[in-house]
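The values are calculated or read from the model by the stated rules, or taken from the named source; none is laboratory data. All values reported here derive from a predicted model rather than from experimental measurement. So basically every Cβ, Gly included, is an ideal-geometry build from the backbone, and we count neighbours across all protein chains shown.
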Ligand code: SF4
């Protein structure tokens, strides 16, 4: 008979499965778009970017067509911390954020005087969905003695309740710093990233029970089996992956840190446990190295979102063109929420690793 925690895990997995099923139906099939049409959208977007003084800010996990266009037009492709910094410092009037909703909200909160558009408002994140603001607020209220640190993958309302926002590139350093001040942490929402930080800092951390449906699918056994085929390969793992996967890594880090590691490591082959969208920029950084996606779901599983975030996949050239052309999908955040979330985001933006 299944234990209570096993039952909870089954329910959680079922909810995740349902989430994926719902969203996969909305992911455009980019393979089906003919190259002529794609070229027309690209040219139309380029013209609109100039006409509207707009810039594209794209995440590493979006379609390589979007990443390439962002690069060609003076925009940026990066992780969520650099996306936030870039939007904040760029002089465009309109920021077109290709990613998931919390990234658009963050851009708006940090740069309220600019218009922030997104190709789709449907693109969310299982970490955001799994941490509703009302439940999270109640959780925080039960633990007033703890400093609230939330991952960037949360709604504006959750950020507004937090003392600190962090991305995976600085989460470890921020918690280490707070721990050195003797502060106890309430961490949300990713339990795997939280455990990784807790293990490496020894900080007193109370965890919210959330996870990323993409990284959760990576399996240590599959990576170990793959190492038999590629015994010289380095293993690069994003810390949203389960602990057993992190344990077999040569390098654990954020998307930007994994790209930097691919460059600096001597190995010619890399087994990579994060969303496959990263291969576009990683291959640019190491054109002569072989990149191999880490196995997901185990040999008998029926994973349908393997190493591809279904929400990131909702961004396409077509809906990017539409939002820019029509000025649609504008991000708004109510003033009180934005002002409270700004404080916790500002701490992140001002945090220096040397703290
Ligand atoms: S890859 Fe995971 S953490 Fe990133 S947006 Fe998708 S569901 Fe969220």
>> For the range 71-149, give me every one of the helices (runs of 4 or more DSSP H) that falls completely inside it and has 3 or more residues that are within 14 Å of residue 333 (Cβ to Cβ), within 13 Å of the ligand (Cβ to nearest atom) and in contact (Cβ under 8 Å) with a residue 40 or more places away in the chain.
In response: 101-110
> Can you pull out the residues in the range 150-163 that are within 16 Å of the ligand (Cβ to nearest atom) and either under 17 Å from residue 178 (Cα atoms) or in a loop (DSSP other than H, G, I, E, B) (or both)?
Replying inline: 150, 151, 152, 153, 154, 155
> Would you call residue 181 away from the ligand (no atom under 13 Å from the Cβ), surrounded by fewer than 19 Cβ atoms within 10 Å (Cβ to Cβ) and within 30 Å of residue 324 (Cβ to Cβ)?
Replying inline: no
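Matching residues to (1) exposed (fewer than 14 other Cβ atoms within 10 Å of the Cβ); (2) closer than 16 Å to residue 187 by Cβ; (3) in the same structural domain as residue 164 (by TED's automatic domain parsing):
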site: 111; (1), (2), (3): no, no, no
site: 116; (1), (2), (3): no, no, no
site: 119; (1), (2), (3): no, no, no
site: 135; (1), (2), (3): yes, yes, yes
site: 140; (1), (2), (3): no, yes, yes
site: 143; (1), (2), (3): yes, yes, yes
> (1) touching a strand residue (DSSP E or B) at 6+ places or on another chain (Cβ under 9 Å); (2) at pLDDT 95 or above; (3) in the same structural domain as residue 228 (by TED's automatic domain parsing): which one isn't true of residue 243, the others all being true?
Replying inline: (1)
> Given the conditions (1) assigned by TED's automatic domain parsing to the domain that holds residue 345; (2) over 13 Å from the mean Cα position of the chain (by Cα), which single one is not true for residue 152?
Replying inline: (2)
>> Kindly evaluate residue 299 against the criterion of being part of a loop (DSSP other than H, G, I, E, B), more than 27 Å from residue 161 (Cβ to Cβ), more than 16 Å from the ligand (Cβ to nearest atom) and modelled with pLDDT under 95.
In response: yes
> Restricting the range 164-180 to residues that are in a loop (DSSP other than H, G, I, E, B) and in contact with a helix residue (DSSP H, G or I) (Cβ under 6 Å, 6 or more places away or on another chain), which is farthest from residue 341 (Cα to Cα)?
Replying inline: 169
> Within the range 250-260, which residues are surrounded by fewer than 22 Cβ atoms within 10 Å (Cβ to Cβ) and either assigned by TED's automatic domain parsing to the domain that holds residue 173 or not in a loop (DSSP other than H, G, I, E, B) (or both)?
Replying inline: 251, 256, 257, 260
> Of the residues in the range 194-215, how many are under 14 Å from residue 242 (Cβ atoms) and assigned to a loop (DSSP other than H, G, I, E, B)?
Replying inline: 5
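Considering only residues of the range 51-70 that are in a helix (DSSP H, G or I) and more than 11 Å from residue 281 (Cα to Cα), which is nearest to the ligand (Cβ to nearest atom)?
It comes out as 66.
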